[in-house]
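Here's the structure we're looking at; comments come further down.
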Amino acid sequence: MNEDILKLFFKEKTLKIFLSIEKEVYAAKMRNKAVCMYSYVITILRKFEEVGLVKSERQGRIKKYKLTEKGKEIDNKIRDLLDIK
């Protein structure tokens, strides 16, 4: 990733969390990729869910997260912007 662009235009941790959502992923896995507190990841995921970018599904005690169609569009545009595909 172009770290200068990340720091200049986006909140780095929030963007790393969003870009770490692949097909279906656990919050703990995103936490490891973004290198931040688990509670921060959960807070950000709730916000993403509220605006319709992410959808969660409970499997037993664990929640899995995946991008909605709107989230996939934004993910593609961000990756194009950062040229990190």
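The numbers here are math on the coordinates, done by the rules we state, and not lab data. Since this is a predicted model, take the numbers as computed values, not measurements. Note: ideal-geometry Cβ built from the backbone for every residue, glycine included; neighbour counts use all protein chains shown.
Selection of first residues in the range 9-23 that are farther than 8 Å from residue 34 by Cβ and in contact (Cβ under 8 Å) with a residue 60 or more places away in the chain and of second residues that are among the acidic types (Asp, Glu) and part of a helix (DSSP H, G or I), restricted to Cβ pairs under 9 Å at least 6 apart or on distinct chains, gives the following pairs, ordered by first then second residue: 18/75; 19/75. Among the residues of the range 22-37, write down those that are β-branched (Val, Ile, Thr) and touching a Lys or Arg at 6+ places or on another chain (Cβ under 7 Å). 25, the sole residue that qualifies. The set of residues in the range 44-70 that are under 18 Å from residue 31 (Cβ atoms), free of Cβ contacts under 8 Å to residues at least 12 places away in the same chain and among the hydrophobic types (A, V, I, L, M, F, W, C) is empty. Scan the range 7-49 for residues that are touching a Phe, Trp or Tyr at 6+ places or on another chain (Cβ under 8 Å) and among the hydroxyl-bearing types (Ser, Thr, Tyr) and the total you get is 1.
Return the residues of the range 19-41 that are closer than 17 Å to residue 78 by Cα, among the aliphatic types (A, V, I, L, M) and outside any helix (DSSP H, G or I); say none if nothing qualifies. 21 - this is the single residue of the range 19-41 that is closer than 17 Å to residue 78 by Cα, among the aliphatic types (A, V, I, L, M) and outside any helix (DSSP H, G or I).
If the condition is being over 13 Å from residue 74 (Cβ atoms), in a strand (DSSP E or B) and in contact with a helix residue (DSSP H, G or I) (Cβ under 6 Å, 6 or more places away or on another chain), then the range 42-55 contributes no residue at all. Summed over the range 46-61, residues that are among the aliphatic types (A, V, I, L, M) and in contact with a strand residue (DSSP E or B) (Cβ under 6 Å, 6 or more places away or on another chain) total 1.
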